[in-house]
Amino acid sequence: MSTRVNGSLPESADPPLGELFDSTHVVAELAATTREGVIAEIVARVAAMGLVTDARWLEAALAERERMVPTAMPNGVAFMHARHRAADKFPHQFLFLARSAKGVAFGSPDEKPTHLFFLLALRKDMAHLRWLARLSWICRNRATVATLLKAKTAEDIARILRIAVEELPGNLKQR
């Protein structure tokens, strides 16, 4: 775990999951059925929570990023993020997770539906890359993805993700 200096994390440290994510950062079932709808629904939710100061910017940035190269991966997971960091748009860094049981065509290379949509909103590139690596590692495990899809509530989903982060291998653990 990172050692705090004067109450804050060292510049090189990543924010811990508990500072980025909790059960309020989960949509247990999306209503959206299209890529554009998923983006709009997630942006509306994070804007309503006060996690972003400019919802129009975020929606446009996510849509642009998805048009360039989709963030969906095989195994039914997408890792949405803006192409450029914009710390001024986020009062607080966060991770957000939305789920679709039915799945949405989101541009996955395997052309299968995407069921889990992570939104990463971190201020520093290195923290973004390390959290992306952690989430990618977690979601490459089909059993973990299946457990996230079967979870009944947002609280269950958040708990499963916390446990998965705690079980990361040494080189991916929080420093």
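The values are calculated or read from the model by the stated rules, or taken from the named source; none is laboratory data. For clarity, every value in this text was computed on a predicted model and none was experimentally measured. Heads up, the Cβs are rebuilt from the backbone with ideal geometry, glycines too, and the neighbour counts pull from every protein chain shown. Quick note on the areas: whole protein, heavy atoms, side chains included, nothing else; ligands and nucleic acids left out. Shrake-Rupley method; radii C 1.70, N 1.55, O 1.52, S 1.80 Å.
In the range 119-168, what count of residues is obtained for those that are charged (D, E, K, R), within 25 Å of LYS89 (Cβ to Cβ) and open to solvent by 60 Å² or more (accessible area, probe 1.4 Å)?
Adding up the residues that qualify gives 4.
Does the range 153-175 hold any residues that are under 16 Å from GLY18 (Cβ atoms) and assigned to a loop (DSSP other than H, G, I, E, B), and which are they?
Selection gives GLU167, LEU168, LYS173, GLN174, ARG175.
For PRO113, only one of the following conditions fails: (1) closer than 20 Å to LYS150 by Cβ; (2) open to solvent by less than 10 Å² (accessible area, probe 1.4 Å); (3) touching a Ser or Thr at 6+ places or on another chain (Cβ under 9 Å). What is its number?
For PRO113, the failing item is (2).
List every residue pair whose Cβ atoms sit under 6 Å apart, with the two residues 6 or more apart in sequence or on different chains, where the first one lies in the range 82-108 and is over 24 Å from GLY50 (Cβ atoms) and the second, anywhere, is of a type in the set (Lys, Arg) and not in a loop (DSSP other than H, G, I, E, B).
Filtered contacts from the range 82-108: PHE106/ARG35.
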